[in-house]
Amino acid sequence: QVQLVESGGGLVQAGGSLRLSCLASGSISEITSMGWYRQAQGEQRVLVAIISGNRIDRADSVKGRFTISRNSAKNMVALQMNSLKPEDTAVYYCNAVTNWGRNNYWGQGTQVTVSS
């Protein structure tokens with residue numbers, strides 16, 4: 001089992017920055033990827049960015065603005081969000097996958113609101 005706790009959401013004006021953090025506990029050694037997804041109101045949850053080993057993937061909509069990082073202990077993943085736009089408004093969810101897809105874990109979500 002893996003538990004995920006997110007922090008760092010909030011309200012920011014367009015062009016501003018926010019940093020989201022996600023702390024994992026439990027079976028950390030089994031985690032094979034960690035990342036962030038977001039779900040805007042009335043829409044499906046979509047990938048924002050993910051780290052798996054040395055590979056990083058990001059949605060085209062956030063390239064050049066968002067940076068994902070993971071600490072050396074591999075129990076924390078952060079999402080630095082710069083040049084925020086109103087369309088980035090969503091609930092952001094931390095995700096961890098263990099054993100190359102055997103289990104999938106989600107945080108409780110944190111609201112990010114970008115005002116125009």
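What follows is calculated from the coordinates using simple rules that are stated; it is not laboratory data. Because the structure is predicted, anything quoted here is derived from the model rather than measured. When we count neighbours, we look across all protein chains shown, and the Cβ atoms used for this are built from the backbone with ideal geometry, even at glycine.
Observations, loosely collected:
- Our summary gives the chain a relative contact order of 37 percent, counting only alpha carbon pairs under 8 angstrom and 6 or more residues apart.
- DSSP-loop GluC sites (Glu not before Pro) across region 12-116, with at most 12 other Cβ within 10 angstrom: Glu43
- Amide H to amide H distances under 5 Å link Gly109 with Glu6, Cys94, where only residues 5 or more positions off or on other chains count and H is placed in the peptide plane.
- Rg and Dmax, both from the Cα atoms of region 2-109 and both in Å, are 13.2, 39.
- Here is the tail figure for region 61-116: Cα pairs spaced more than 19 Å apart come to 40 percent of all pairs.
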